[in-house]
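The values are calculated or read from the model by the stated rules, or taken from the named source; none is laboratory data. These numbers were taken from a predicted model, which means no experiment stands behind them. Heads up, the Cβs are rebuilt from the backbone with ideal geometry, glycines too, and the neighbour counts pull from every protein chain shown.
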């Protein structure tokens, strides 16, 4: 692979710094009785902006925060809520109060913020402090929304004693346990904030499986095994098995792939479009030249990719758009072949979205009870006729806004729709600009995605609840029938009944067509063969507690 001299020099400098930091880990921060330490290496091409859980707003920050901190509850591989810092919890009859019983063997990592320099035991007051900090306006956490209009603002968080924490809700909210598993809800010590202030973002103090060593921003981040971590495996062996983790920050996916080929990275999260055809067949399997050399992991990922359409009829942009017609929106949904799109443009990474907005992988997903759209050009043409645009005659062009990485997909959909008489003009914007326009209702037709914050379909349906702003309701969808079902589902204790309500809401969305579901995502990883028990999960969260390196 050819690289410019400047690029080569930059890589050399990064490798040098990366080596220095790794040696710091091996020689200074970990006992070097054994000559070979098990260090897991990965790259974060988009960088990491903060190690503070209050700012774990994206997958990059979440991945490292998950290694450094712990939450009351965790989500297992089957999307069940299981204990972590909390041994157990009791929910009141009225579903408005939850009492958590905490473990008594959890300690914060050793740090100068504590009087003795030794990490102290975690208690219920730390939980109260951590949650209050999220809602404190002075923190300016992007995660403040998780408790807004859900938790009692006066008595929401209470330490009944050192090992008992109480949470009070304003109204029943079945998804609150899932929210408490989010990285925003990681527990931190007040002493660390008092000592480090704004520098807490780069000086984390937690109770997670790994602890902080060094961070040279833009170059490398090094973590070491937390010798006092509280979890053990079934044989009583302390977790984690790894001695440490090092993270590089090559912004070039080509460089990342080269590093992986040369065994300097242990895995790659997702495969860049520029080299997916080199590694994968169109069916989404490893090509024969890679078989036996690396391992391919594929797993349903709670993310849906879609096209959104602005529904606010009071907006002048909508008044003058053909998308104000449900017939046109439905015609677009019928007008292109999702299976062909997945095969040729995605190497079958993902599942064609021909059901609802709720992705497969969630227990409430049901492709029988929720009927979506499939490729049917005749039906699309009929809908155009019903809208008054026979064959697309006199139908104004529709502008589709997307980001660079999805430009080819937008062009494919544009070409397909053009064949049935719907002219779509693709405009490529930078991601920040597109997000700004969708938040301000300046984008009538736009590419979007929704990754689960917690594993409950309510998280996806909240995108269409009329009382929600943007985000999450980017389409400004407003259907009183949908809102009533949504509010009923929030009150419902029985999962089976709640799932039926979810499916009814999902079908309403599909019928009104404020969105064009494209595909239900699949997490894909390339992993070296010496990495054992590296298991994918539906939230695509980097899980290293039980990983072994041979």
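Is at least one residue of segment 368-386 under 25 Å from the mean Cα position of the chain (by Cα) and not in a helix (DSSP H, G or I)?
Within segment 368-386, one or more residues are under 25 Å from the mean Cα position of the chain (by Cα) and not in a helix (DSSP H, G or I).
Which one of these is under 25 Å from the mean Cα position of the chain (by Cα) and either closer than 25 Å to residue 352 by Cα or at pLDDT 95 or above (or both): 449, 414?
449
It is to be established whether one or more residues within segment 360-378 are modelled with pLDDT under 95 and touching a strand residue (DSSP E or B) at 6+ places or on another chain (Cβ under 6 Å).
Yes, because at least one residue in segment 360-378 is modelled with pLDDT under 95 and touching a strand residue (DSSP E or B) at 6+ places or on another chain (Cβ under 6 Å).
Restricting the search to segment 267-285, which residues are more than 27 Å from residue 246 (Cα to Cα) and in contact with a helix residue (DSSP H, G or I) (Cβ under 7 Å, 6 or more places away or on another chain)?
282
Does segment 193-209 hold any residues that are in contact with a helix residue (DSSP H, G or I) (Cβ under 6 Å, 6 or more places away or on another chain) and either over 20 Å from residue 73 (Cβ atoms) or surrounded by fewer than 19 Cβ atoms within 10 Å (Cβ to Cβ) (or both), and which are they?
Those that are in contact with a helix residue (DSSP H, G or I) (Cβ under 6 Å, 6 or more places away or on another chain) and either over 20 Å from residue 73 (Cβ atoms) or surrounded by fewer than 19 Cβ atoms within 10 Å (Cβ to Cβ) (or both): 193, 200, 203, 204, 205.
Say we look at segment 276-301 and pick out the residues that are without any contact (Cβ under 8 Å) to a residue 60 or more places away in the chain and surrounded by 15 or more Cβ atoms within 10 Å (Cβ to Cβ); which of these is farthest from residue 476 (Cα to Cα)?
Within segment 276-301, the match that is farthest from residue 476 (Cα to Cα) is 290.
Please verify whether segment 104-119 includes one or more residues that are modelled with pLDDT of 95 or more, in the same structural domain as residue 174 (by TED's automatic domain parsing), in a strand (DSSP E or B) and on the phi < 0 side of the Ramachandran plot.
Yes, that holds for at least one residue.
Step by step: first the residues of segment 55-83, then only those that are in a loop (DSSP other than H, G, I, E, B) and touching a residue at least 60 places away in the same chain (Cβ under 8 Å), then the one that is nearest to residue 182 (Cα to Cα). Which residue is that?
71
Across segment 323-334, what is the total count of residues that are touching a strand residue (DSSP E or B) at 6+ places or on another chain (Cβ under 9 Å), more than 26 Å from residue 458 (Cβ to Cβ) and either at pLDDT below 95 or surrounded by 23 or more Cβ atoms within 10 Å (Cβ to Cβ) (or both)?
Qualifying residue count, segment 323-334: 2.
Quick grid of which residues meet (1) more than 22 Å from residue 527 (Cβ to Cβ); (2) surrounded by 24 or more Cβ atoms within 10 Å (Cβ to Cβ):
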| position | (1), (2) |
| --- | --- |
| 44 | no, no |
| 53 | yes, yes |
| 59 | no, no |
| 64 | no, yes |
| 75 | no, no |
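So which strands (runs of 3 or more DSSP E) are wholly in segment 184-272 and hold at least 2 residues that are outside the structural domain of residue 100 (by TED's automatic domain parsing) and over 28 Å from residue 131 (Cβ atoms)? Walk me through how you get there before you give the answer.
Values: elements: 210-216, 220-225, 244-248, 267-269.
Answer list for segment 184-272: 267-269.
Working carefully through the options 397, 410, find the one that is without any contact (Cβ under 8 Å) to a residue 60 or more places away in the chain and buried (at least 18 other Cβ atoms within 10 Å of the Cβ).
The match here is 410.
If residue 456 meets every condition in (1) in contact with a helix residue (DSSP H, G or I) (Cβ under 7 Å, 6 or more places away or on another chain); (2) outside any loop (DSSP other than H, G, I, E, B); (3) modelled with pLDDT under 95 apart from one, which number is that one?
Here residue 456 meets the rest and fails (2).
Do we find a residue being surrounded by fewer than 19 Cβ atoms within 10 Å (Cβ to Cβ) and closer than 23 Å to residue 522 by Cβ anywhere in segment 302-320? Spell out the reasoning first.
Just the residues of segment 302-320 that are surrounded by fewer than 19 Cβ atoms within 10 Å (Cβ to Cβ), to begin with: 312-320.
Next cut, closer than 23 Å to residue 522 by Cβ only: none.
Taking every residue of segment 302-320 in turn, none turns out to be surrounded by fewer than 19 Cβ atoms within 10 Å (Cβ to Cβ) and closer than 23 Å to residue 522 by Cβ.
Anything in segment 90-124 that is free of Cβ contacts under 8 Å to residues at least 60 places away in the same chain and over 22 Å from residue 227 (Cβ atoms)? List them, or say none.
Hits for segment 90-124 are 90, 91, 92, 93, 124.
At pLDDT 95 or above, in a loop (DSSP other than H, G, I, E, B) and surrounded by 19 or more Cβ atoms within 10 Å (Cβ to Cβ): is that true of residue 501 in this structure?
no
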